[in-house]
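Peer 1: Right, I'll just put the structure down here and ask away after.
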Amino acid sequence: MKRKGIYKPTVEDAIEIGGIETLHPGGFALTQRTAELAELKKGLKILDVSSGRGTQSIFYSKEFNVEVTGVDISEEMVKTASLNAEKAGLNSKVKFQIGDSQFLPFDNNVFDVVINECAVGIPDDSQKVLNEMVRVVKQGGKILIHESTWRKNLSAEEKEEFSERYGTTPLELTEWLDMLEKAGAKKIIYEFEQWSEPEMFWKIRKDREVKHWFFIMSITEKLKTMKRIFTKYGIRGIFTILKNERIFFRTVLQGKLGYALFKGEK
Ligand SMILES: C[S@@+](CC[C@H](N)C(=O)[O-])C[C@H]1O[C@@H](n2cnc3c(N)ncnc32)[C@H](O)[C@@H]1O
């Protein structure tokens with residue numbers, strides 16, 4: 001589904017503008033589980049698609065001694081991620097570059113594992129993102145994604161409005177499974193319920209235990225984010241983001257939206 005951008009800034013925009021280090025539900029517990037299912041080990045070549053600020057790429061390299069290439073469409077994200085890798089003393093093993101996940105700038109069959117954390121639903125064509133992930137992974141290699149997934153039946157209109165406000169397109173569990181299969185992934189497994197509890201949507205910080213969505217960002221981070229939103233979108237942007245956030249968390253608390261981890265092999 002193509003989003004039209006009528007409710008900008010979206011929840012995704014606000015999280016990205018906010019500058020926080022890790023950007024997906026399930027937080028680090030889910031990143032750790034992703035690494036476990038990927039069976040990361042020394043020497044493997046990993047592609048982190050939509051690598052954001054590089055937090056997960058750096059973690060994978062540090063913990064499992066793997067070589068990571070991160071690719072992200074945002075120049076600002078790539079810059080910050082590269083700086084973070086340098087600070088961690090890992091710039092020879094973790095590299096970031098600009099690229100669109102729908103047209104990955106890599107040859108076929110290059111990586112042992114290709115991961116996409118929370119960004120398959122953002123671009124216009126999620127199927128293309130999955131096709132590309134399968135294309136660049138080696139034969140027998142693994143692809144892993146985690147994404148927002150509907151837990152209850154909603155009307156098409158409700159889904160569409162929600163996706164516009166969220167800035168990403170959640171799908172039904174069966175839709176994700178069908179798309180992975182269509183991309184060429186085999187032996188697909190998934191974990192859904194354990195990553196779908198509402199708390200998972202605010203346990204997104206790396207080093208901070210958050211018990212309520214209101215505390216995802218500190219007061220200072222919130223003020224900084226609002227200032228940036230005001231500068232970019234004006235006063236209407238502030239009202240829009242407050243409404244988008246309210247609708248987002250209400251949908252999560254009503255148990256309508258969950259989060260699922262998928263693994264497939266080529
Ligand atoms: C929700 S964040 C996820 C970042 C990181 N994977 C994480 O979990 O912390 C989404 C990221 O996707 C990137 N992105 C959006 N559209 C993209 C595209 N078409 N190709 C590559 N990256 C994209 C954004 O710049 C942002 O860094």
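Peer 1: As an exercise, use a Förster radius of 30 Å and the Cβ-Cβ distance of Glu197 and Leu223 to find the FRET efficiency, rounded to the nearest 0.05.
Peer 2: 0.55
Peer 1: Right, next: Near Lys222, which lysines are there with a Cα under 16 Å away, not counting those fewer than 8 places off in the same chain?
Peer 2: Lys232, Lys243
Peer 1: Past 19 Å, Cα to Cα: identify those pairs from Lys138/Lys182; Lys206/Lys227; Lys45/Lys203; Lys87/Lys203; Lys152/Lys182; Lys138/Lys187, in the order given.
Peer 2: Pairs exceeding the cut-off: Lys206/Lys227; Lys45/Lys203; Lys87/Lys203; Lys152/Lys182.
Peer 1: Right, something else. Label points 7 Å out from Cα along the Cβ direction at Glu75 and Thr231: separation in nm?
Peer 2: Computed distance between label sites Glu75 and Thr231 equals 1.6 nm.
Peer 1: How much of the DSSP bridge set in the chain is antiparallel, in percent, rounded to the nearest 5?
Peer 2: 40 percent
Peer 1: So what's the projected area for the stretch 120-266, the Cα convex hull averaged over all directions, in nm²?
Peer 2: Mean projected area of the Cα convex hull: 10.1 nm².
Peer 1: Can you give the angle from 0 to 90° between the axis of helix 55-64 and the longest principal axis of the chain, with both taken from C-alpha atoms, to the nearest 10?
Peer 2: On a 0 to 90 degree scale, this one is about 30.
Peer 1: OK, next. For the residue pair Glu157 and Asp107, what label-to-label distance in nm results when each label sits 7 Å from Cα along the Cα-to-beta-carbon direction?
Peer 2: 5.3 nm
Peer 1: Are any of the pairs Lys159/Lys186; Lys62/Lys211; Lys4/Lys186 more than 30 Å apart by Cα-Cα distance, and if so, which?
Peer 2: Checking Cα-Cα distances, Lys4/Lys186 exceed 30 Å.
Peer 1: Set the Förster distance to 35 Å, then compute FRET efficiency between Leu242 and Gln32 from the Cβ-Cβ distance, nearest 0.05.
Peer 2: In this case the efficiency is close to 0.60.
Peer 1: For the stretch 1-71, run through the GluC sites (Glu not before Pro) and keep only the ones in DSSP coil with at most 13 other Cβ atoms within 10 Å of their Cβ.
Peer 2: Those that pass, being in a loop and sparsely packed, are Glu39.
Peer 1: Moving on to the next point. Angle between the Cα long axis of helix 75-87 and the longest principal axis of the chain, 0 to 90 degrees, nearest 10?
Peer 2: 60 degrees
Peer 1: Between His212 and Glu172, with labels modelled 7 Å along Cα→Cβ, what's the label distance in nm to one decimal, could you check?
Peer 2: If labels sit at His212 and Glu172, their model points lie 3.7 nm apart.
Peer 1: I've got another one for you. Any idea what log10 I(q)/I(0) is at q = 0.07, 0.08, 0.10 Å⁻¹ for the chain, Debye with uniform C-alpha scatterers and no solvent?
Peer 2: Log10 I(q)/I(0), no solvent term: -0.22, -0.29, -0.47.
Peer 1: Continuing with this model, one more query. Before rounding to the nearest 500, sum -39500 (n - 2.57) across all DSSP H runs of length at least 4 in the chain and divide by the residue total; then give [θ] at 222 nm in deg cm²/dmol.
Peer 2: So the helix-based figure for the chain works out to -13500 deg cm²/dmol.
Values in this text are rule-based calculations from the coordinates and carry no lab data. What you see is a predicted model, and the numbers here were worked out from it, not measured in a lab. In this analysis, Cβ positions are derived from the backbone assuming ideal geometry, glycine residues included, and neighbour counts consider all displayed protein chains.
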